[in-house]
Every structure is written in structure tokens, then in C-alpha cells.
Amino acid sequence: MNFELKNIIRKNILELKPYSSARNEYSGSNVVLLDANENPYNEPYNRYPDPGQQNLKSKVSELYHIPVSNIFLGNGSDEAIDLLIRAFCEPSVDRIISIEPSYGMYKVCADIQNVAVDGALLNIDFSLNLENILSQIQKETKIIFLCSPNNPSGNLLEEVKIIKLLEEFKGIVVVDEAYIDFANSDGLLKLLPGFPNMVILRTFSKAWGLAGIRLGMAFASQEIINILNKIKYPYNLNILTQNYALGALSSAKEMKIWVDRLISERERIRKELTKLPVVERVFHSDANFLLIKTTDPAAIYKILVGKGIIVRDRSKVPLCEACLRITIGSKEENDLLLDSLKSISL
Ligand SMILES: *Cc1c(COP(=O)(O)O)cnc(C)c1O
């Protein structure tokens with residue numbers, strides 16, 4: 001495979017000397033801090049946060065059994081997506097591949113950087129079509145974005161095919177596992193040591209119920225993590241987020257209870273939806289949402305809005321014709337949705 005990071009990283013990023021913050025240069029405690037032009041009043045928020053997020057990273061390291069040196073923490077996993085594209089893709093030269101349909105941020109971040117996106121259509125059952133991906137690879141292709149379980153289709157992608165891609169492609173393969181906690185799978189973290197070109201994204205926005213504090217993770221080789229750390233904003237995670245997350249991550253038990261509840265609701269809703277005349281098909285889901293094919297997505301969407309229920313219209317997305325994506329809510333919310341759908345006759 002001969003993957004070499006220095007062959008695919010942008011030259012200016014390889015040579016970049018990062019900003020060295022005052023807190024980078026000295027990190028002891030019990031000292032008089034007159035180095036960063038901070039205000040001495042209004043403790044503790046007067047101080048800049050730890051740019052290396054050491055306490056939080058130790059916690060994440062324990063939780064996922066991944067060494068601290070293989071962890072990047074960002075302002076949502078969206079930050080990692082953006083930084084990966086900026087680190088590896090030369091504007092108006094390099095390209096990325098994204099499976100289609102998938103999460104919209106890969107393309108938005110590429111568009112901002114003026115990086116071309118080649119879509120690789122999934123099979124009609126939303127499984128990975130390796131030929132479609134391999135045939136899109138050009139010498140300028142730096143990153144392939146996969147999402148498993150995939151948004152908006154909800155299915156896990158097959159591990160053997162992802163491994164094949166990791167072996168064949170000499171650039172970076174990103175596997176976005178935002179929804180992995182809802183799947184009957186541990187995901188691909190176990191493969192990290194064997195693949196220096198793999199990046200796995202995880203987030204605290206879904207299973208952990210922490211979308212509001214903006215905290216996401218990238219797991220990868222130390223070499224890749226060092227690059228991301230070099231180009232991030234020095235203080236990308238604020239004190240409030242770091243402190244709150246340290247507390248919240250101690251309640252993994254509660255998270256698992258929420259996840260179990262959401263999975264059992266997902267299966268209940270799936271069965272109920274299948275019985276409705278306006279629903280033609282409910283796709284298999286390994287995530288906290290269901291993709292459904294309906295008789296009239298625009299009309300159903302509008303009727304639901306009229307009842308104060310907002311779902312996601314995905315009907316213009318490739319392979320998702322006539323589809324709506326519905327997030328699994330609380331039991332009460334899900335019942336409201338079902339009642340509303342039952343009352344629709346089109
Ligand atoms: C929701 C979601 C995320 C989460 O992004 P954050 O920036 O961490 O909130 C990432 N990837 C996919 C595919 C998602 O659907």
C-alpha cells in the first residue's frame with residue numbers, strides 16, 4: 001500500500017510552524033500568570049483554556065481505550081472534517097470522494113476550500129459500491145469520506161469493503177461513526193493500529209446528548225493527529241465545554257440507558273410505520289433515525305409542520321426519492337408523530 005503522509009499532505013501545512021500560545025509554553029500550576037494578557041479578575045473564566053485539553057483527552061482515552069496521542073478533540077466532529085480537508089487538499093487542485101447519499105458537511109467543507117467532490121453512489125440498498133468508489137479515484141484524490149452508520153440511509157457499511165478500500169487507496173479514508181452507539185457493532189477503532197491512513201470520527205452530539213456543547217473526536221495515527229493539532233485554533237475547546245464534558249463523560253451508564261431506550265423506540269416505530277398507508281417502505285436503521293419512503297413526501301412534510309412536527313425531507317437526495325428522515329424522539333414525541341401520520345389520508 002505504501003501510504004506516506006508526507007506524500008499527500010499540503011506542502012505549506014507540512015512546513016507550517018504553528019502558533020505557540022502562552023499556555024503552550026508554560027503549563028505548571030500555582031504560578032503567577034502574567035504571560036497572556038489575561039484579566040486577573042473573574043476566576044476561572046478569565047484564563048484561557050488548556051489548548052492540549054489534557055484532562056479531557058485522558059478521560060476520552062480511558063473511555064475508548066485509545067492512547068491520548070491518537071485523539072484529536074474538536075468543536076464538533078465538523079471541525080475535524082474541515083481541518084482534514086484543509087490539511088490535505090490543495091485548493092482548486094485536489095479532490096475528495098464522498099459516498100452518495102451521505103452527510104452534507106463533507107461537501108460543504110470541500111466547497112469552502114475550493115476542492116472538487118466526486119460522489120460515489122451507494123448501491124440501491126445503500127450498501128457500499130466499491131467499484132463506484134475505486135473508479136472515481138484520481139491522482140489528485142486525497143480523502144475518501146465514508147459514514148457508517150450512514151446518514152441519511154441509517155445502515156452500517158460492510159467492514160470487509162472498508163478494509164479493502166483502506167488497503168487499495170493511498171490517501172486518507174475517513175470513517176464517520178457519529179451513530180455507531182446505536183448500531184450492534186463496536187465500529188472500526190480496533191483497526192486503527194493497522195491502518196496509518198484511517199481516520200475515525202466520533203461525536204458527543206448524538207448518543208451522549210451533548211450537541212449543544214460542541215464536542216467531537218477524531219481518532220487516527222499520531223502523525224495525522226499531530227497535523228490536526230498543529231492547524232486547529234489554539235483554544236478550539238472553551239473552558240465551559242471542557243469542564244462540562246469531564247463531568248458528563250463520567251455518566252456513560254446513563255448514556256447507555258438513553259441509547260437502549262432509543263433503539264427500542266426505533267424498533268417500535270419501525271413496526272408502526274410499516275402499517276401506515278402513506279408509508280411505502282421503512283429502511284433498516286442502525287442509527288437513531290429512520291428513513292422512510294412515502295407516497296407524497298412534500299405533502300406529508302407540510303402536514304407534519306402544520307402539526308408542529310419537523311422531520312427532514314430527503315426526497316431530492318440521490319437514491320432517496322420520496323424519502324423523509326425521522327429522528328427517534330422520546331416516547332411521547334414518537335407517539336405524536338405516529339398519531340399525526342395515521343390521520344393523513346392522501
Ligand atoms: C450529526 C452528525 C455529525 C455530528 O457532527 P458534530 O459536529 O460532532 O455535531 C457528524 N457526522 C454525521 C454523519 C452526522 O450525522
Answer in debye to the nearest 20: the dipole magnitude of the stretch 53-169 about its Cα centre, from +1 Lys/Arg and -1 Asp/Glu charges placed on Cβ, is 280 debye
Of the residues Y301, F283, S330, the Cα lying farthest along the dipole of the stretch 253-342 towards its positive end, which is defined by charges on the beta carbon of Lys, Arg, Asp and Glu, belongs to F283
To the nearest 0.05, the calculated FRET efficiency linking A298 and S29 through their beta-carbon distance, R0 being 45 Å, is 0.15
Expressed in square angstrom to the nearest 10, the accessible area of D78 with a 1.4 Å probe stands at 40 Å²
The Rg/Rh figure for the chain, Cα atoms and Kirkwood Rh, to two decimals is 1.00
Low-density loop trypsin sites (Lys or Arg not before Pro), the stretch 78-154, at most 13 other Cβ within 10 Å, DSSP non-H/G/I/E/B, are K139
Taking placed amide H atoms and a strict 5 Å upper bound, the residues 5 or more places from Y103 or on another chain that come that close are N151
Summing -39500 (n - 2.57) over every DSSP H run of at least 4 residues in the chain and dividing by its residue count gives a helix-only mean residue ellipticity at 222 nm, to the nearest 500 deg cm²/dmol, of -10500 deg cm²/dmol
Residue-ordered couplings for the stretch 41-57, obtained by feeding phi - 60° into the Karplus form 6.51 cos²θ - 1.76 cosθ + 1.60 and rounding to whole Hz (Gly and Pro as x), are 9, 6, 4, x, 7, 6, 8, 5, x, 5, x, x, 6, 5, 5, 5, 5
Given Cβ charges of +1 for Lys and Arg and -1 for Asp and Glu, the option among G154, V117, L166 whose Cα lies farthest towards the positive end of the dipole of the chain is G154
Placing each pseudo-label 7 Å from Cα in the direction of the beta carbon, E223 and L246 end up separated by a distance in nanometres of 3.4 nm
The relative contact order of the stretch 5-251, taking Cα pairs under 8 Å that sit 6 or more residues apart, comes to a percentage of 24 percent
Computed about the Cα centre, the charge dipole of the chain from +1 Lys/Arg and -1 Asp/Glu charges at the Cβ has a magnitude in debye, to the nearest 20, of 240 debye
Projected area averaged over all directions for the convex hull of the alpha carbon atoms of the stretch 111-206, nm², comes out at 6.8 nm²
Interchain or sequence-distant (5+) residues whose placed amide H lies within less than 5 Å of the amide H of L121 are E100
For the stretch 253-342, the dipole about the Cα centre with charges only on Cβ (Lys and Arg +1, Asp and Glu -1), to the nearest 20 debye, works out at 120 debye
For the pair Q138 and S58, the simple spin-label estimate (label points 7 Å beyond Cα toward Cβ) gives in nm 4.8 nm
Expressed per residue, the solvent accessible area of the stretch 5-251 in Å² (1.4 Å probe) is about 46 Å²
Extend 7 Å from the Cα of E38 along its Cα-to-C-beta direction; within the stretch 51-65, residues with backbone N under 20 Å of that point are 51-58
Sorted by accessible surface (1.4 Å probe, heavy atoms of the protein chains only), largest first, W208, W258 come out as W258, W208
When the charge dipole of the chain is computed with +1 at the Cβ of Lys and Arg and -1 at the Cβ of Asp and Glu, the Cα pointing farthest to the positive end, of F182, L228, I81, is that of F182
Distance in nm between D339 and T274 label points, each 7 Å along Cα→Cβ, equals 2.5 nm
With a Förster distance of 45 angstrom and the Cβ-Cβ distance between S20 and K161, calculated FRET efficiency to the nearest 0.05 equals 0.60
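The values are calculated or read from the model by the stated rules, or taken from the named source; none is laboratory data. Not measured: the values here are computed from a predicted model. Backbone-built Cβ (ideal geometry, glycine too); neighbour counts: all protein chains shown. With ligands, DNA and RNA removed, areas are computed over all heavy atoms of the protein, side chains included. Shrake-Rupley method; radii C 1.70, N 1.55, O 1.52, S 1.80 Å.
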